[in-house]
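Participant: One structure coming up, written as C-alpha cells, with questions to follow.
The values are calculated or read from the model by the stated rules, or taken from the named source; none is laboratory data. Note that the structure is a prediction, hence the values are computed from the model and not measured. Every residue, glycine among them, receives a Cβ derived from its backbone with ideal geometry; neighbour counts consider all protein chains shown. Each accessible area value is taken on the protein alone, full model and side chains, heavy atoms only, with ligands, DNA and RNA left out. Shrake-Rupley method; radii C 1.70, N 1.55, O 1.52, S 1.80 Å.
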Amino acid sequence: MDFEEFLWAMGIGKELTAKIRQWIDTGSEIDVSIGSALTRYFRKFMTVGGMPAAVQKYVDTKDYNEVWDVLASICNIIEKDALRYSDKKDRLKILACLESIPSQLARENKTFVYKDVGKQAGTGRREYGSSLDWLHRAGLINLCYNLRGPCEPLSQMERTDSFKVYLKDPGILTYMLGRETASAIESGNTYVNEGAVVESCISQALVSNGYRIHFYSKPNSSLKMDFVISYKGRLTALETRSGKTKISGSLLMLTSGDYKVERGIKIADGPVGADEHGILHLPLFAPCFFDIPRIETAPSRTPRK
C-alpha cells in the first residue's frame with residue numbers, strides 16, 4: 001500500500017484524500033489540525049509500512065509489537081524466497097545486498113557502494129550486479145540514479161555507475177534498522193539515521209505516482225540534491241530535511257544560479273508555504289499526493305561500477 005491507501009485503511013475517506021491531493025497540487029495552506037493528524041499518520045506509515053498483513057495487524061490491534069512480529073515474518077519470507085527462486089551462485093549475495101541497504105541509507109552519503117556489501121575492497125558490479133537486479137525484479141527496491149548534470153532529459157543524463165538503492169516498503173526498512181529507529185520516528189524524529197526511512201518513503205511515493213527518480217551529487221563538490229524530477233512540466237529539485245534545518249545552499253544554487261532547475265521544493269515536517277527565495281515548503285507527506293506526470297520512458301539499465 002502507498003500512504004494514501006494506508007490512510008484509507010485507517011478510516012480516512014477518499015473524499016478527504018482527494019482534497020489533500022488538491023491542496024498539495026495548488027500549494028494551498030492545510031488546516032493545522034488536519035496537517036498535524038496527517039503527519040502523525042505518516043510517521044505511523046514509516047514504522048508500519050504498507051505490507052497488507054502489517055497494516056491489517058495495526059488496524060486490528062493498534063499494537064506496534066504485534067506489527068513487529070508480522071514484519072519479522074515478512075522478512076523471513078523474503079529471505080526464503082531469495083534462496084528458493086534465485087540462481088545458486090547469487091543466493092547469499094542477494095541476501096548480503098539486501099542486508100546492506102539499511103546501513104548504506106543511514107550514511108550521509110547514501111550512494112550505494114558495492115564494497116560495503118561484503119566489506120571487501122575491490123568488489124563491484126561483477127560480484128553483486130546480478131543480485132541487485134534480482135531484488136529489483138522482485139519488486140523489493142527502487143533504484144535512484146545520479147545525474148551527470150541537473151538538466152533534461154533526465155533519462156539521458158543518468159550515471160549508471162552512481163546510484164542509491166531504496167527499499168520499497170518503509171516498514172521493512174524500519175524493522176531492519178531496529179526498534180530504536182521505530183521509537184525515534186514515533187516520537188517525531190523523522191530524520192533519525194540521516195533520514196533513511198523518510199527518504200525511502202518519498203522515493204516510493206514518487207515512483208508510485210509515476211515519476212522517474214534521480215538525485216544529483218556533483219563530483220568533488222558539496223553541491224548535492226536528494227531528488228531531481230520533472231514536476232508539472234518543470235525541472236524540480238526536492239530537498240528532504242528535518243523541520244529545524246534551513247534550506248541548503250545546494251537548493252538555492254540549483255534554483256538561482258547558472259543551473260536550469262526551474263523549481264525548488266523543501267520537504268520537511270512543517271506547513272505549506274513559500275519563502276523569500278521562491279522555494280516551496282511542503283510537509284513530509286506531500287510527495288504522496290503529487291500529480292501524475294507524463295511518463296518519461298527510457299531503456300532499462302543495469303547498475304555498473
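Participant: Specify which residue in the list I101, S86, V67 is farthest towards the positive end of the charge dipole of the range 61-103, using unit charges on the beta carbon of Lys, Arg (+1) and Asp, Glu (-1), about the Cα centre.
Facilitator: S86
Participant: In what order, largest first, do K110, K14, K93 sit by accessible area if the probe radius is 1.4 Å?
Facilitator: Numbers: K110 15, K14 130, K93 70 Å².
The ranking, largest first, comes out as K14, K93, K110.
Participant: Same structure, new question: Please report, in whole Å, how far the alpha carbons of the range 134-182 spread along each principal axis, starting with the longest.
Facilitator: 40, 24, 16
Participant: Restricting to Cα atoms and excluding each atom paired with itself, what does the Kirkwood estimate give for the range 188-227 in Å?
Facilitator: Working: mean 1/r = 0.0871 Å⁻¹.
That comes to 11.5 Å for the range 188-227.
Participant: Run lengths n ≥ 4 of DSSP H only: what is the helix-derived mean residue ellipticity at 222 nm for the chain, with -39500 (n - 2.57) per run over all residues, to the nearest 500? Before the final figure, lay out each step's value.
Facilitator: Numbers: 12 runs with 141 residues, N = 305.
Helix contribution divided over all residues of the chain: -14500 deg cm²/dmol.
Participant: Given Cα positions, please report Rg to Rh for the range 95-178, the hydrodynamic radius being the Kirkwood one.
Facilitator: Details: Rg = 13.2 Å, Rh = 13.6 Å.
The Rg/Rh ratio comes out at 0.97.
Participant: Same structure, new question: Which entries in K115/K266; K168/K260; K57/K246; K164/K260 show an alpha-carbon gap greater than 27 Å?
Facilitator: Values: K115/K266 32 Å; K168/K260 30 Å; K57/K246 38 Å; K164/K260 23 Å.
Listed pairs above 27 Å: K115/K266; K168/K260; K57/K246.
Participant: Now, a different point. Order H277, H214 by their accessible area, 1.4 angstrom probe, all chains in place, largest first. Walk me through the numbers before you get to the answer.
Facilitator: Numbers: H277 100, H214 0 Å².
Output order, biggest surface exposure first: H277, H214.
Participant: Say each of Q156 and D116 gets a label point 7 Å from the Cα, pointing the same way as Cα to Cβ; how far apart are those two points in nm?
Facilitator: Calculated label separation equals 3.2 nm.
Participant: Test of the criteria: in the range 62-143, which GluC sites (Glu not before Pro) are in a DSSP loop and have at most 13 other Cβ atoms within 10 angstrom of their Cβ? Write down the numbers at each step before the final one.
Facilitator: Numbers: sites: E66, E79, E99, E108, E127; in loops: E108.
Of the GluC sites (Glu not before Pro), the ones in loops of the range 62-143 whose Cβ has at most 13 other Cβ atoms within 10 Å are E108.
Participant: Which shape class applies to the range 194-296: rounded if a/c is under 1.5, otherwise prolate when a/b exceeds b/c and oblate if not, where a ≥ b ≥ c are the square roots of the Cα gyration tensor eigenvalues?
Facilitator: In terms of gyration-tensor shape, rounded.
Participant: Taking only Cα atoms and a 10 Å spring cutoff, compute GNM fluctuations for the chain and point out the largest among V55, V32, V261.
Facilitator: Per the Cα network of the chain with a 10 Å cutoff, V32 tops the list.
Participant: Also, I was wondering about something else. Within the accessible area of the range 164-254, what % is carbon and sulfur when the probe is 1.4 Å and the other protein chains stay in place?
Facilitator: Values: 1480 of 3240 Å².
Exposed carbon and sulfur together represent 46 percent of the surface.
Participant: Tell me the relative contact order for the chain as a rounded percent, counting alpha carbon contacts under 8 Å between residues six or more apart. Before the final figure, lay out each step's value.
Facilitator: Details: 498 pairs, mean separation 61.7, N = 305.
It rounds to 20 percent for the chain.
Participant: Between Rg and the Kirkwood Rh of the range 6-161, both from Cα atoms, what is the Rg to Rh ratio?
Facilitator: Values: Rg = 19.7 Å, Rh = 18.9 Å.
In the range 6-161, Rg relative to Rh is 1.04.
Participant: Still on this structure, please answer the following. Sorted from largest down, what three extents in whole angstroms do the Cα atoms of the chain have along their principal axes?
Facilitator: Ordered largest first, the chain gives principal extents of 55, 51, 32 Å.
Participant: Provide the per residue accessible area, probe 1.4 Å, for the range 86-214, rounded to a whole number of square angstrom. Please report the intermediate quantities before stating the final value.
Facilitator: On the way: 5190 Å² over 129 residues.
Per-residue accessible area for the range 86-214 comes out at 40 Å².
Participant: Determine the gain in length on full extension of the stretch V32-N220; use 0.36 nm per residue of separation and subtract their C-alpha separation, reporting nm with one decimal. All intermediate terms of the calculation are to be shown ahead of the outcome.
Facilitator: Numbers: separation 188, 0.36 × 188 = 67.68 nm, distance 4.19 nm.
Taking V32 through N220 to full extension adds about 63.5 nm, to one decimal.
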